[in-house]
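The block underneath contains the structure these notes are about, expressed in structure tokens.
The values are calculated or read from the model by the stated rules, or taken from the named source; none is laboratory data. Source: prediction; values computed, not measured. In this analysis, Cβ positions are derived from the backbone assuming ideal geometry, glycine residues included, and neighbour counts consider all displayed protein chains. Each accessible area value is taken on the protein alone, full model and side chains, heavy atoms only, with ligands, DNA and RNA left out. Shrake-Rupley method; radii C 1.70, N 1.55, O 1.52, S 1.80 Å.
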Amino acid sequence: MTDKHPIRNSIIASVAAGIILAALGRIWPPAWAILSARVAAPVWVLALITLALLGFILLTVRFRRAGVPKVPEISAERLRAANAPTKGRGASNISLLGRAVLARIVKADGEPVPQDTIKRSLGTTNLGLQAIVDELVALDLIEVLEEVDGDEVVLLLTARGRQYALGQRLV
């Protein structure tokens with residue numbers, strides 16, 4: 001998980017650490033003397049610790065970059081072309097919701113079925129139903145008609161859709 005506010009979190013941690021140290025100095029005065037005491041250390045030890053810390057940071061950055069796979073950018077046109085349904089594709093690849101939509105239209109026995117009726121009877125969303133309708137239209141299994149007087153969108157089986165329904169025993 002990536003940290004969305006690293007600077008803010010670092011400042012908060014630093015302030016919290018300062019408050020804790022100040023409280024520790026008030027509660028136990030020798031603690032402040034111990035924490036602020038001078039310690040003699042050889043320069044080569046400090047250099048070694050600095051190099052080890054720098055190496056650890058570089059390795060961490062390298063592993064994080066290597067661990068995140070690069071995702072190639074895909075333009076909207078390429079994505080549409082790759083996912084465009086074709087009439088040559090087999091109708092056997094229809095999803096369960098697509099089969100349910102076809103079964104609901106078949107149940108109407110040749111009458112046009114309002115799209116809202118199908119949405120309510122299957123308990124799906126407009127977006128989900130529209131995606132399935134687009135797929136079924138592209139496969140030439142149904143056609144979409146707009147009734148002028150009622151401003152209602154209705155779905156109707158095509159000849160190929162009737163053949164598919166008979167073959168899949170949706171009748």
(request) Having 3 or more residues that are among the polar types (S, T, N, Q) and modelled with pLDDT under 90 is the bar; report the helices (runs of 4 or more DSSP H) wholly within the stretch 73-171 that clear it. (result) 115-122
(request) Please verify whether the stretch 15-33 includes one or more residues that are open to solvent by 70 Å² or more (accessible area, probe 1.4 Å), touching a Gly at 6+ places or on another chain (Cβ under 8 Å) and part of a helix (DSSP H, G or I). (result) yes
(message) What pairs come out if I take residues in the stretch 159-171 that are over 14 Å from Leu136 (Cα atoms) and pair them with residues that are among the aliphatic types (A, V, I, L, M) and surrounded by 13 or more Cβ atoms within 10 Å (Cβ to Cβ) whose C-beta lies under 6 Å away, six or more apart or interchain?
(response) Leu170/Leu102; Leu170/Ala103; Leu170/Val106; Val171/Val106; Val171/Ala165
(message) Looking at Asp116 and the list (1) over 15 Å from Ala165 (Cβ atoms); (2) touching a residue at least 40 places away in the same chain (Cβ under 8 Å), which single condition is not satisfied?
(response) (2)
